[in-house]
1. Report in % the part of the accessible area of the chain that belongs to carbon and sulfur, leaving out ligands and nucleic acids; probe 1.4 Å.
2. Over region 1-49, what is the mean sequence separation of C-alpha contacts under 8 Å (at least six apart), divided by residue count, expressed as relative contact order in percent?
3. To the nearest 20 debye, what charge dipole does the chain have about its Cα centre, counting +1 at the Cβ of each Lys and Arg and -1 at the Cβ of each Asp and Glu?
4. For the pair VAL5/LYS64, report the inter-label distance in nm, with labels modelled 7 Å from Cα in the Cβ direction.
5. In region 36-69, which trypsin sites (Lys or Arg not before Pro) are in a loop and have at most 13 other Cβ atoms within 10 Å, using DSSP for the loop call?
6. How large is ³J(HN,Hα), in whole Hz, for each residue of region 110-119 in order, when computed from phi with the Karplus curve 6.51 cos²θ - 1.76 cosθ + 1.60 and θ = phi - 60°, using x for Gly and Pro?
7. Please give, to one decimal in nm, the separation of the simple spin-label points placed at ALA40 and ARG19, each 7 Å out from Cα toward the Cβ.
8. What ³J(HN,Hα) values, in whole Hz, does the Karplus curve 6.51 cos²θ - 1.76 cosθ + 1.60 give for region 95-103 when θ = phi - 60°, with x put for Gly and Pro?
Amino acid sequence: QVQLVESGGGLVQAGGSLRLSCAASGITFNSIAIGWYRQAPGKARELVGGISRFTSTVYADSVKDRFVMSRDFVKREVYLQMNNLKIEDTAVYFCAADQSFSNSSSAWRYWGQGTQVTVSS
């Protein structure tokens, strides 16, 4: 049974940093891509970025140069380091997994439950 568990969310002031983690189990970790998505209240789920099994990364323009993804193959975790957070980054953040990266959220088979990130002024 595939399980993705996000952690690390919380409340932070604008300009601050948070690191989210996505722990994967029940799946061959070194053969999957991981995507990060977020959903703000009243808005559609949007892609934050993704990291391939070869550790190449892609980011949405809105977070490029502020967010950095990495993965630890021993711990079977993927990280989303979020720096210089803005109020508009407030959302529930989800990680998703599948064999390859896709820009479309509907293409990802496995999802975590999400972790709330709130950025205050």
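1. On the way: 2940 of 6250 Å².
Ligands and nucleic acids excluded, carbon and sulfur reach 47 percent.
2. Numbers: 52 pairs, mean separation 14.8, N = 49.
Computed value for region 1-49: 30 percent relative contact order.
3. Details: 12 positive and 9 negative charges, 25 e Å.
With only Lys, Arg, Asp and Glu charged at Cβ, the dipole is about 120 debye.
4. 3.5 nm
5. LYS43, LYS64
6. 10, 9, x, 7, x, 9, 7, 10, 10, 10
7. According to this spin-label approximation, the distance is 2.6 nm.
8. Coupling constants for region 95-103: 10, 9, 9, 6, 5, 9, 6, 9, 6 Hz.
The values are calculated or read from the model by the stated rules, or taken from the named source; none is laboratory data. Note that the structure is predicted; figures quoted are calculated from it, not measured. In this analysis, Cβ positions are derived from the backbone assuming ideal geometry, glycine residues included, and neighbour counts consider all displayed protein chains. When the accessible area is computed, the model is the full protein with side chains, heavy atoms only, and any ligands, DNA or RNA have been set aside. Shrake-Rupley method; radii C 1.70, N 1.55, O 1.52, S 1.80 Å.
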